[in-house]
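Novice: One structure, pasted below without further comment.
The values are calculated or read from the model by the stated rules, or taken from the named source; none is laboratory data. The shown structure was predicted, so the numbers you read here are calculated from the model rather than taken from an experiment. Note that each Cβ is placed from the backbone with ideal geometry, even for glycine, and that neighbours are counted across all protein chains shown. Only protein heavy atoms, including side chains, enter the accessible area calculation; ligands, DNA and RNA are left aside. Shrake-Rupley method; radii C 1.70, N 1.55, O 1.52, S 1.80 Å.
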Amino acid sequence: MSTQQLDRAERITAPEWAGMTWLRAGTELLLGLSFLVTVGFGFAGVVRGETSMVAQLSAVVFVCSLAAVLVNWFTATTDDSHRRGWEC
């Protein structure tokens, strides 16, 4: 059986982490950390009955990093060059 007869799902593909860059990984980590900080300091502000500047600043960071991650996810293209010569 030649490689042209195999379905795309049956082909050997690179692991999902092969296309991960340091910038993308850092942005996704910033997204998670800013969410945790926003929720944590927001909850602490509610309990104390005052506004938390840290929660507000981390909420802005969260929204910006969320926008960057979503744009990256939806505009990502697949690079078939890592398939070592498989015909698409």
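Novice: So what's the net charge close to N72: Lys and Arg +1, Asp and Glu -1, counting the other residues with Cβ under 13 Å from its Cβ?
Specialist: It works out to a net charge of 0.
Novice: Can you give me the % of accessible surface on region 19-74 that is carbon or sulfur? Probe 1.4 Å, all protein chains present, nothing else counted.
Specialist: 80
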